[in-house]
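Here the structure is laid out as structure tokens; the discussion comes afterwards.
The values are calculated or read from the model by the stated rules, or taken from the named source; none is laboratory data. Note that the coordinates shown come from a computational prediction; the quantities given were computed from them, not determined experimentally. Don't worry about glycine lacking a Cβ; one is built from the backbone with ideal geometry, like all the others, and counts go over all protein chains shown. Areas reflect the complete protein model, heavy atoms only, side chains present, ligands, DNA and RNA absent. Shrake-Rupley method; radii C 1.70, N 1.55, O 1.52, S 1.80 Å.
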Number of protein chains: 2
Amino acid sequence: MSTRVGRYTILLDTHPTITGYAGVVGKKEGEGPLGNCFDAIYDDDTLGEASWEKSESTLQREAVIRALDKANRSPAEVDIILAGDLLNQCIGTTYGIRELNIPFLGLFGACSTMALSLSVGGMITEAKLAGTVVAATSSHFCSAERQFRYPLEYGGQRPPSAQWTVTGAGAAVINADAPDPGKPHIAAVTLGRIVDMGVRDANNMGAAMAPCAASTIEDFLKDTKTQPGDYDAIITGDLGMIGAELLLELLQKRGIDLSPVHQDCGTLIFDLNTQGVEAGGSGCGCSGSVICSYFMQKLERRELSNILFAGTGALMSPTASQQGESIPGICHLVQLCMD
Amino acid sequence: MSTRVGRYTILLDTHPTITGYAGVVGKKEGEGPLGNCFDAIYDDDTLGEASWEKSESTLQREAVIRALDKANRSPAEVDIILAGDLLNQCIGTTYGIRELNIPFLGLFGACSTMALSLSVGGMITEAKLAGTVVAATSSHFCSAERQFRYPLEYGGQRPPSAQWTVTGAGAAVINADAPDPGKPHIAAVTLGRIVDMGVRDANNMGAAMAPCAASTIEDFLKDTKTQPGDYDAIITGDLGMIGAELLLELLQKRGIDLSPVHQDCGTLIFDLNTQGVEAGGSGCGCSGSVICSYFMQKLERRELSNILFAGTGALMSPTASQQGESIPGICHLVQLCMD
């Protein structure tokens, strides 16, 4: 049974097992440094669909189906699918998984959705409320660009602090009562609080999200009475280059040195020098695809055995920004381990 | 500990208690048949805010604060808040609860969000993953109208099948290990599957959602081997007049007669003859405000002692509709009882 430690952290004592996982991406992501880790790279970013929103839906469904295949399970064996995305009314998810006929627990966590779905999925399997669940999310550069920024054809200028929405999706199958020393498990979760430090620049999401990452990582370390050095890696979702620097600075001021173990999915997925993505990757599918391929594989190969994944999200909308609102951030954390 | 019965239903054997609840609404809802049940009626629908989106956020925060007050708890005592809404990127929720500093589990269930938040909140407290959680949601006629339909100033025509988005919010405080024979508890939950029967008319949400309500209600009755007559009421979220008729018809064909016990929050909250709301109320705040006032009060007064709340949601977006997509529906069910 789960144990609460400190104020915010829940230890999942039965170690819900990640029996299958998949990360799928578009062409540009496939050409990046992690290109050889993904389960599928779609050279045609439309995935054969008539709209970018439908392409994103197909991308998410592909990740789910591949993760289920690798877990050797069919959709009919899944008790709950936990998923969400950043398209208005989460249509990347709802149309993506519509045909799977699985009870659907819809989540909203902006770019932290992979961490949120792993967290809640872990909690639910830990408690035996479900035997098999799937956690999933997606984003698509073209559906995000036209919804959040400019029509694609406009070719809007991008400041150096901007991030590039990843065309990608991630999915993980989580099982109760399926201990397997060859598979990663979820050892603990910390659900984050909303943190808003007043950043208003929608082209600088890294700065808006760094404070919430600092808050949740600090909560977890305090609750568990551990240090950054106790982990092989502490991985943020999509802070990008600017947000990552700010995170290290914020935690340094609180006496926590994250620099030896910090990595960020947004700076890993692209080559920031050559791929023209400014400060790095972003979007639900950024950490979704990187965690559900590169990092899960590293765990399974035991190159890493104890990592923290702190998924970050900016809870803004274009409407809120137009109304002069600042950007609240949220960060959910999951601890992933090998036995 | 929880027990799974049948394929889709989870019995919450420890009976998580609803220790506080509040429903708050706007002027028009206050003038309706349930006017004397609500915790607050805002004659000024702006709630003093500069935009309709901010008004909705304030409405949701008001519901949360009032529910906490009635449960005699402060935000600092809450382990998790589970909430969502239908504004793009759920800003009704994120800006509404931003200042409360409570770990935030964001949900997306369209108009089924109150049922989803009660379901997941019940599951989490049942499993002792949290001691105190808050479930909440909101909608606002003016923020919904301009996001989903037309600018308010345009005065768009409404067909008879259209529904009127409720300006309202609901919140409930759910506690583990706080048995109280004077308070309602959550006895069971059934998370719904997405059902899409091909309805494409965004002005006929009732028809789009009736099939998912039929599916989840049938799942629950089968799983628990019970009949409609075993319950004092089976309440749908916001099917409205047309959707409610369709639901009865769909279930009749499957040999289930819901008519003696069926009620719908969307037809209860307004006087359909005099208030000019066409087929009835809708929006996350429709069932949110009605369940968290009228029905919880009826339970507490023991006028009802065993009810099913089947919250219904249409998982469409304007973008999906413009692309010719049909409207997928979802329905989540919670059983609310008095000991």
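Couple of notes before you dig in:
- Any chance A:Asp219 is of a type in the set (Asp, Glu), within 14 Å of chain B (Cβ to nearest Cβ), crowded, with 21+ Cβ neighbours inside 10 Å and part of a helix (DSSP H, G or I): yes
- Only one of the numbered conditions (1) in contact with a helix residue (DSSP H, G or I) (Cβ under 7 Å, 6 or more places away or on another chain); (2) part of a strand (DSSP E or B); (3) open to solvent by 40 Å² or more (accessible area, probe 1.4 Å) is not met by A:Arg7, and that is (2).
- Every condition in (1) more than 12 Å from chain A (Cβ to nearest Cβ); (2) more than 30 Å from A:Ala187 (Cα to Cα) is met by B:Ser57 except one, and the failing one is (1).
- Pick from the stretch B:224-247, criterion out of contact with any Asp or Glu (no Cβ under 8 Å at 6 or more places or on another chain) and closer than 20 Å to B:Met114 by Cβ, ranking: most open to solvent (accessible area, probe 1.4 Å): B:Asp232
- Verdict on B:Asp180 being closer than 30 Å to A:Thr3 by Cα, away from chain A (no Cβ under 14 Å), surrounded by fewer than 17 Cβ atoms within 10 Å (Cβ to Cβ) and of a type in the set (Asp, Glu): yes
- Inside the stretch A:101-112, residues that are open to solvent by 10 Å² or more (accessible area, probe 1.4 Å) and either under 29 Å from A:Gly206 (Cβ atoms) or more than 7 Å from every other protein chain (Cβ to nearest Cβ) (or both) make up a count of 1.
- Residue match in the stretch A:194-208 (condition: within 14 Å of chain B (Cβ to nearest Cβ), part of a loop (DSSP other than H, G, I, E, B) and crowded, with 22+ Cβ neighbours inside 10 Å): yes
- Of the criteria (1) outside any loop (DSSP other than H, G, I, E, B); (2) within 20 Å of the chain's Cα centre (by Cα); (3) of a type in the set (A, V, I, L, M, F, W, C), which one A:Ala76 fails: (2)
- Residue within the stretch B:300-307 that is more than 28 Å from B:Glu56 (Cα to Cα), small (Gly, Ala, Ser) and open to solvent by less than 40 Å² (accessible area, probe 1.4 Å) present: no
- Qualifying position, being farther than 26 Å from B:Val189 by Cα, in contact with a strand residue (DSSP E or B) (Cβ under 7 Å, 6 or more places away or on another chain) and more than 10 Å from chain B (Cβ to nearest Cβ), among A:Glu77, A:Glu62: A:Glu62
- Taken as a whole, the condition of being touching a Gly at 6+ places or on another chain (Cβ under 7 Å) and surrounded by fewer than 23 Cβ atoms within 10 Å (Cβ to Cβ) applies to A:Ile41.
- In the condition set (1) within 10 Å of chain B (Cβ to nearest Cβ); (2) of a type in the set (Lys, Arg); (3) closer than 13 Å to A:Ser289 by Cα, A:Arg98 is compliant with all but (3).
- Residue list for the stretch A:83-95, filter: at the interface with another protein chain (Cβ under 8 Å from one of its Cβ atoms) and among the aliphatic types (A, V, I, L, M): A:Leu86, A:Leu87, A:Ile91
- Close pairs (8 angstrom Cβ cut-off, 6 or more residues apart or separate chains): free of Cβ contacts under 8 Å to residues at least 40 places away in the same chain in the stretch B:44-68, in a loop (DSSP other than H, G, I, E, B) and open to solvent by less than 40 Å² (accessible area, probe 1.4 Å) anywhere: B:Thr58/B:Leu47
- Some residue of the stretch B:309-323 being buried (at least 19 other Cβ atoms within 10 Å of the Cβ) and free of Cβ contacts under 8 Å to residues at least 24 places away in the same chain: yes
- Of all the listed residues (A:Leu333, A:Leu272, A:Leu250), the sole one being surrounded by 23 or more Cβ atoms within 10 Å (Cβ to Cβ) and not polar (S, T, N, Q) is A:Leu333.
- Among the residues listed as B:Asp69, B:Asp45, the single one being at pLDDT 95 or above, in a loop (DSSP other than H, G, I, E, B) and more than 25 Å from A:Gly121 (Cα to Cα): B:Asp45
- Members of the stretch B:133-151 found to be surrounded by fewer than 24 Cβ atoms within 10 Å (Cβ to Cβ) and within 12 Å of another protein chain (Cβ to nearest Cβ), listed by number: B:Arg146, B:Gln147, B:Phe148
- Taken as a whole, the condition of being open to solvent by 20 Å² or more (accessible area, probe 1.4 Å) and either within 13 Å of chain A (Cβ to nearest Cβ) or without any contact (Cβ under 8 Å) to a residue 24 or more places away in the chain (or both) does not apply to B:Val189.
- Single condition A:Tyr154 does not satisfy, out of (1) under 20 Å from A:Ala320 (Cβ atoms); (2) hydroxyl-bearing (Ser, Thr, Tyr); (3) modelled with pLDDT under 95: (1)
- Taking (1) of a type outside the set (Gly, Ala, Ser); (2) out of contact with any Gly (no Cβ under 9 Å at 6 or more places or on another chain); (3) assigned to a helix (DSSP H, G or I) in turn, B:Glu56 satisfies each apart from (2).
- Condition check for B:Ala172: at pLDDT 95 or above, assigned to a strand (DSSP E or B) and under 27 Å from B:Ser293 (Cα atoms): yes
- Candidates A:Ala50, A:Ala83, A:Ala63, filtered to the one that is of a type outside the set (Lys, Arg), open to solvent by 40 Å² or more (accessible area, probe 1.4 Å) and within 29 Å of B:Cys212 (Cα to Cα): A:Ala50
- In the stretch B:69-80, of all residues being surrounded by fewer than 20 Cβ atoms within 10 Å (Cβ to Cβ) and touching a residue at least 60 places away in the same chain (Cβ under 8 Å), the one that is nearest to B:Asp43 (Cα to Cα) corresponds to B:Lys70.
- Test: residue in the stretch B:24-32 that is within 9 Å of another protein chain (Cβ to nearest Cβ), part of a loop (DSSP other than H, G, I, E, B) and at negative phi: no
- Residue check for A:Glu278: among the charged types (D, E, K, R) and within 14 Å of chain B (Cβ to nearest Cβ): no
- Residue match in the stretch B:258-281 (condition: in contact with a helix residue (DSSP H, G or I) (Cβ under 8 Å, 6 or more places away or on another chain) and free of Cβ contacts under 8 Å to residues at least 12 places away in the same chain): yes
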